[in-house]
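**Q** So that we are looking at the same thing, I have put the structure below in structure tokens.
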Amino acid sequence: MDAEIISVGTELLLGQTTNTNAQYLSKELSDLGINVYFQTTVGDNESRLKKIFIKALDRSDIIIFTGGLGPTQDDITKEVVAKVLGLELIFNTDILNSMDDVFRQKGLEMSKNNEKQALIPKGAIYIENNYGTAPGIYIQKDDKTIILLPGPPKEMGPMVREFVLPKLRETFKCGIIKSKILRFAGIGESALEEAISDIIKNQSNPTIAPLAKEDGVTLRITAKAQTVERASAIIDPVVSLIKGRVGNYIYSYDNKSIQDVVGELLLKNKKTISLAESCTGGYVTHLLTNVPGISAVFDRSIISYSNTSKLEDLNVPLNVINDYGAVSENTAILMASGIRGLSKTDFGVGITGIAGPSGGSAEKPVGLVFIALSSKSGDLCERHLFSGDRETIKKRASRAVFNLIWRNISK
């Protein structure tokens with residue numbers, strides 16, 4: 001079963017409004033096992049909208065429109081759909097009375113142009129809108145299903161959940177699509193794909209898709225089945241195969257972020273932690289404190305941005321900074337051990353580097369970051385050279401901090 005989404009509104013083409021509706025609908029349809037092969041955005045123009053709709057009817061089983069159901073002259077979706085399908089628009093008194101009640105409850109009088117929203121194609125089912133005045137419309141014509149929904153997400157979303165999805169599930173006896181997302185640290189996309197290339201090639205259901213994102217490499221394993229239980233039974237053996245190959249790099253089997261995993265491990269193992277941040281400027285602290293309950297193990301954070309702070313707050317000796325520089329392995333280790341000694345936590349982290357765009361040199365270029373971890377097992381430090389602008393370097397360095405903690409938290 002193939003579906004197509006047509007988003008109507010000149011404001012979308014001009015970039016004045018972000019089209020979140022198409023993303024939302026694609027995900028919901030995919031979860032039903034319905035393929036979405038086309039998404040189109042078209043302005044409030046009758047000729048262009050008509051052409052797009054005719055093309056959609058030729059190639060898709062289900063066509064879903066969002067937008068263009070309002071009371072103004074440029075709201076033309078319903079009129080174009082009815083004209084192409086050869087259906088008469090008729091007044092629905094239930095819709096008209098419902099809209100009138102909405103206006104009366106607000107102490108307003110419904111204007112004449114709102115009455116066009118009570119027009120629906122003959123034989124169509126109207127979808128109640130509990131958050132606005134424009135009803136949705138469900139049309140079954142020959143072997144095609146056409147659904148018209150209002151543009152505002154707060155109106156469209158509930159109509160999809162309460163009517164559209166149940167109706168599609170009932171009509172098409174849809175199965176389900178279930179995905180399991182594995183997250184990796186310490187391995188790149190190419191190396192991961194090479195390690196499991198034979199597994200990827202030999203699978204059709206489930207499908208396996210590696211993806212490199214800003215927050216690391218993920219592997220999406222997706223199965224189609226009639227039930228959630230059957231989909232899980234298809235996915236689980238493949239996960240076991242992958243775990244046998246690259247399990248040491250998997251930090252999450254359920255799409256959790258690295259900071260959430262680290263936070264949960266700290267809480268589970270009752271290990272306390274403190275941070276000394278320089279170039280990341282508190283971003284590691286921000287990510288860690290987003291973890292619920294982390295106050296039970298997170299003691300404190302010092303943003304030791306200046307050399308003075310490193311000297312006074314973390315007891316980094318002046319001669320170390322003079323001899324090796326503020327951005328050095330020596331300084332990072334002393335920052336980590338300094339904050340750990342000050343707070344008496346199980347772990348202490350020190351981060352120092354050059355986020356740019358200036359401040360770099362041939363010896364110490366922009367993007368150079370040292371990350372140190374201090375614990376009762378000793379002190380260790382990693383050297384990284386990140387690319388990107390200032391914000392990107394800060395984010396990549398922060399992620400590397402959590403990777404380092406994750407690899408050492410159980411030691």
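Every number here is computed from the coordinates shown, using simple stated rules; none is lab data. Every value quoted in this text rests on a predicted model; they were computed, and no experiment measured them. Cβ atoms come from the backbone with ideal geometry, glycine included; neighbour counts cover every protein chain shown.
**Q** Calculate one ³J(HN,Hα) per residue across segment 78-86 by plugging θ = phi - 60° into the Karplus curve 6.51 cos²θ - 1.76 cosθ + 1.60, and present them in order as whole Hz with x for glycine and proline.
**A** Computed from phi, the couplings for segment 78-86 are 4, 5, 5, 4, 4, 5, 5, 7, x Hz.
**Q** Which of ASP323, ASP61, ASP346 ends up with the largest GNM mean-square fluctuation for the chain, with Cα atoms connected below 10 Å?
**A** ASP323
**Q** Averaging sequence separations of C-alpha pairs under 8 Å and six or more residues apart, then dividing by the length of the chain, give the relative contact order as a whole percent. Spell out each step's value before the answer.
**A** Details: 753 pairs, mean separation 41.4, N = 411.
After rounding, I find 10 percent.
**Q** In nm, to one decimal, how far is the modelled label at PHE38 from the one at LYS224, with both set 7 Å along Cα→Cβ?
**A** 1.9 nm
**Q** Another question about this same structure. Return a whole-number percent for the relative contact order of segment 194-261, with Cα pairs under 8 Å and 6 or more residues apart as the contact set.
**A** Dividing the mean separation by the residue count of segment 194-261 yields 24 percent.
**Q** Fewest Cβ neighbours within 10 Å first, please rank LYS83, LYS180 accordingly.
**A** Starting with the residue having the fewest Cβ neighbours, the order is LYS83, LYS180.
**Q** Could I ask something else about it? Hey, can you rank 195-201, 97-103, 324-330, 259-265 by average C-beta count inside 10 Å, highest first?
**A** Details: 195-201: 13.4, 97-103: 15.4, 324-330: 18.4, 259-265: 20.4.
In decreasing order of mean packing, 195-201, 97-103, 324-330, 259-265 become 259-265, 324-330, 97-103, 195-201.
**Q** How much length, in nm to one decimal, is gained on full extension between LYS144 and SER204, taken as 0.36 nm per residue of separation minus their Cα-Cα distance?
**A** Numbers: separation 60, 0.36 × 60 = 21.60 nm, distance 2.82 nm.
The span from LYS144 to SER204 would gain 18.8 nm if fully extended.
**Q** Return the calculated 222 nm mean residue ellipticity for the chain, to the nearest 500 deg cm²/dmol, obtained by summing -39500 (n - 2.57) across DSSP H runs with n ≥ 4 and dividing by the residue count.
**A** Numbers: 16 runs with 165 residues, N = 411.
Taken over the chain, the calculation gives -12000 deg cm²/dmol.
**Q** Once label points are set 7 Å from the Cα along Cα→Cβ at both SER197 and LYS106, what is their separation, rounded to one decimal in nm?
**A** 6.1 nm
**Q** Applying the Karplus parametrisation 6.51 cos²θ - 1.76 cosθ + 1.60 with θ = phi - 60° to the phi angles of segment 385-390, what ³J(HN,Hα) value in whole Hz is obtained for each residue in order, glycine and proline being reported as x?
**A** 10, 8, 9, x, 7, 4
**Q** For LEU267 and GLU46, FRET efficiency with R0 = 45 Å and r from the beta-carbon atoms, rounded to 0.05? Please list the in-between numbers first.
**A** On the way: r = 59 Å, r/R0 = 1.31.
Efficiency, from the Cβ-Cβ distance: 0.15.
**Q** Students often get this wrong: which residues of segment 330-366 have the backbone nitrogen under 14 Å from the point 7 angstrom along Cα-to-C-beta of LYS376?
**A** Residues 344-348 qualify, since their backbone N sits under 14 Å from the label point.
**Q** What is the list of residues in segment 147-184 whose amide nitrogen lies under 20 Å from a point 7 angstrom out from the Cα of ASP94, following Cα to Cβ?
**A** Correct set: 147-150, 156, 158-171.
**Q** Which label marks the calculated value of percent of Cα pairs over 30 Å apart, given the options [x] 48; [y] 52; [z] 58?
**A** Checking each listed value against the structure points to [z].
**Q** Which of THR280, THR20, THR66 moves the most in a Gaussian network model of the chain with Cα springs under 10 Å?
**A** Taking springs between Cα atoms under 10 Å, the residue moving most is THR20.
**Q** Would you kindly state how much longer the chain becomes between LYS256 and ASP236 on full extension, computed as 0.36 nm times their sequence separation minus their alpha carbon distance, in nm to one decimal? Mind dumping the intermediate values first?
**A** Working: separation 20, 0.36 × 20 = 7.20 nm, distance 1.79 nm.
Full extension of this stretch gives 5.4 nm more.
**Q** Assuming 0.36 nm per residue, please report the length gained on full extension of the stretch ILE125 to TYR305 beyond their Cα-Cα distance. It would help to have the intermediate numbers written out before the result.
**A** Working: separation 180, 0.36 × 180 = 64.80 nm, distance 6.31 nm.
Result for the pair: 58.5 nm of gain on full extension.
**Q** Counting only DSSP beta bridges with both residues in the chain, what percent are antiparallel, rounded to the nearest 5?
**A** Details: 43 of 69 bridges.
Here the share of antiparallel DSSP bridges comes out near 60 percent.
**Q** How large is the dipole of the chain about the Cα centre if only Lys and Arg carry +1 and Asp and Glu carry -1, each at its Cβ, rounded to the nearest 20 debye? If you can, show how the numbers build up before the last one.
**A** On the way: 48 positive and 47 negative charges, 194 e Å.
The dipole magnitude comes to about 940 debye.
**Q** Under a plain spin-label model, where a point goes 7 Å from the Cα along Cα-to-Cβ, how far apart in nm are GLU214 and ASP58?
**A** So the label points at GLU214 and ASP58 sit 4.0 nm apart.
**Q** ³J(HN,Hα) across segment 269-284 via Karplus (A = 6.51, B = -1.76, C = 1.60, θ = phi - 60°), whole Hz, x for Gly/Pro?
**A** 8, 6, 9, 8, 8, 9, 10, 10, 10, 10, 5, 7, x, x, 5, 4
**Q** Round to the nearest 0.05 the FRET efficiency obtained for LYS173 and ASN319 when R0 = 60 Å and r is the Cβ-Cβ distance.
**A** Working: r = 76 Å, r/R0 = 1.26.
So, using R0 = 60 Å, E works out to roughly 0.20.
**Q** For the chain, with a Gaussian network of springs between Cα atoms less than 10 Å apart, report the residue from ASN21, ASN129, ASN269 with the top mean-square fluctuation.
**A** Evaluated over the chain, the most mobile residue of the options is ASN269.
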